[in-house]
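One structure is given here, and the rest of the page talks about it.
The values are calculated or read from the model by the stated rules, or taken from the named source; none is laboratory data. Quick caveat: nothing in here was measured; it's all calculated off a predicted structure. Backbone-built Cβ (ideal geometry, glycine too); neighbour counts: all protein chains shown. Note: accessible area is taken over every heavy atom of the protein model, side chains too, but ligands, DNA and RNA are not part of it. Shrake-Rupley method; radii C 1.70, N 1.55, O 1.52, S 1.80 Å.
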Amino acid sequence: MKDHPFSLDLGSDLSVTGSGPYDSHLVRKLSDLRGYFADRQAFEELLHREDPVIYEVLEIRRPEVSGELLSGLSIVHPGRVGDEYNMTKGHFHSVRETAEIYYVLKGHGLLLMENEAGEWAAEEVVPGRIVYVPPCWAHRSVNLALGEDLITFFVYPGHAGHDYGSIASSGFRKLVLHVDGGYKVVDNPAWKPPAGPG
Ligand code: F6R
Ligand code: ZN
């Protein structure tokens, strides 16, 4: 873990294979994402043929306490499962009152967001754009470019934590599908309201 001031060069450290300044490297393959894509049949057919890497996360480790900032690179590889673009699992922060910033370095995508009050947002991004994810909004990165990685640099509070369970059981309210040569944000027919406490 880095405990002195440090700097890093995002311009030259975009390569996942290089040693880079990152402390951890998380790889999410298709088989890690069972239940996340809407077209279950397309998922199983693709998995039967291959188990591609869908996304990777490179993190700069710091203590997970308030006052710290956690940061790193999120890399969503291009591809689709059925008509649905490759995407991250998506999550709320366990401490709901924590925000996040994404800075887009490469590619073309959507930051899909929703809150527990039923609002949703889809910010289309290209390199140079920043997305502010407010406290209490779940967020997911979607790669819309079929031939290029979507690479973002993220920063969020050290004590935020991750709640994957809510999205894993309810899904996002919206799906991002490839339709007629472009993308479309549509209602998720399988979305269900989160189970209440108890
Ligand atoms: C951290 C954050 C990103 C994501 C990354 C992978 O709070 O939002 O670093 O963790 O884009 O997505 P998930 O975590 O949803 O698998
Ligand atoms: Zn987050």
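Being of a type in the set (Ser, Thr, Tyr) and open to solvent by 10 Å² or more (accessible area, probe 1.4 Å): is that true of residue 88 here? Before the answer, list the steps.
Values: of a type in the set (Ser, Thr, Tyr): yes; open to solvent by 10 Å² or more (accessible area, probe 1.4 Å): yes.
Considered against the rule, which asks whether it is of a type in the set (Ser, Thr, Tyr) and open to solvent by 10 Å² or more (accessible area, probe 1.4 Å), residue 88 comes out as yes.
Please verify whether region 37-50 includes one or more residues that are within 13 Å of ligand 2 (Cβ to nearest atom) and either over 20 Å from residue 178 (Cα atoms) or part of a strand (DSSP E or B) (or both).
Of all residues in region 37-50, those within 13 Å of ligand 2 (Cβ to nearest atom) come to none.
No, region 37-50 contains no residue that is within 13 Å of ligand 2 (Cβ to nearest atom) and either over 20 Å from residue 178 (Cα atoms) or part of a strand (DSSP E or B) (or both).
Could you please let me know if residue 94 is within 11 Å of ligand 1 (Cβ to nearest atom), open to solvent by 50 Å² or more (accessible area, probe 1.4 Å), closer than 19 Å to residue 168 by Cα and touching a strand residue (DSSP E or B) at 6+ places or on another chain (Cβ under 7 Å)?
On the way: within 11 Å of ligand 1 (Cβ to nearest atom): yes; open to solvent by 50 Å² or more (accessible area, probe 1.4 Å): yes; closer than 19 Å to residue 168 by Cα: yes; touching a strand residue (DSSP E or B) at 6+ places or on another chain (Cβ under 7 Å): yes.
Judged against the criteria, residue 94 is a match.
Only one residue in 59, 64, 50, 123 is touching a strand residue (DSSP E or B) at 6+ places or on another chain (Cβ under 8 Å), open to solvent by 30 Å² or more (accessible area, probe 1.4 Å) and closer than 18 Å to residue 27 by Cβ, so which one is that? Reasoning before the result, please.
Values: 64 fails: closer than 18 Å to residue 27 by Cβ; 50 fails: touching a strand residue (DSSP E or B) at 6+ places or on another chain (Cβ under 8 Å); 123 fails: closer than 18 Å to residue 27 by Cβ.
Selected residue: 59, the only one of 59, 64, 50, 123 that is touching a strand residue (DSSP E or B) at 6+ places or on another chain (Cβ under 8 Å), open to solvent by 30 Å² or more (accessible area, probe 1.4 Å) and closer than 18 Å to residue 27 by Cβ.
Any idea which of 164, 183, 132 is of a type in the set (Ser, Thr, Tyr), away from ligand 2 (no atom under 16 Å from the Cβ) and either open to solvent by 30 Å² or more (accessible area, probe 1.4 Å) or within 30 Å of residue 68 (Cα to Cα) (or both)? Walk me through how you get there before you give the answer.
On the way: 164 fails: away from ligand 2 (no atom under 16 Å from the Cβ); 132 fails: away from ligand 2 (no atom under 16 Å from the Cβ).
Every option except 183 fails the conditions.
List, please: which pairs have Cβ atoms under 7 Å, are six or more places apart or on different chains, and start with a residue in region 155-173 that is within 18 Å of residue 102 (Cα to Cα) and end with one that is open to solvent by 30 Å² or more (accessible area, probe 1.4 Å) and among the charged types (D, E, K, R)?
Short answer, once both residue conditions are applied: 158/62; 158/64; 158/68; 159/64.
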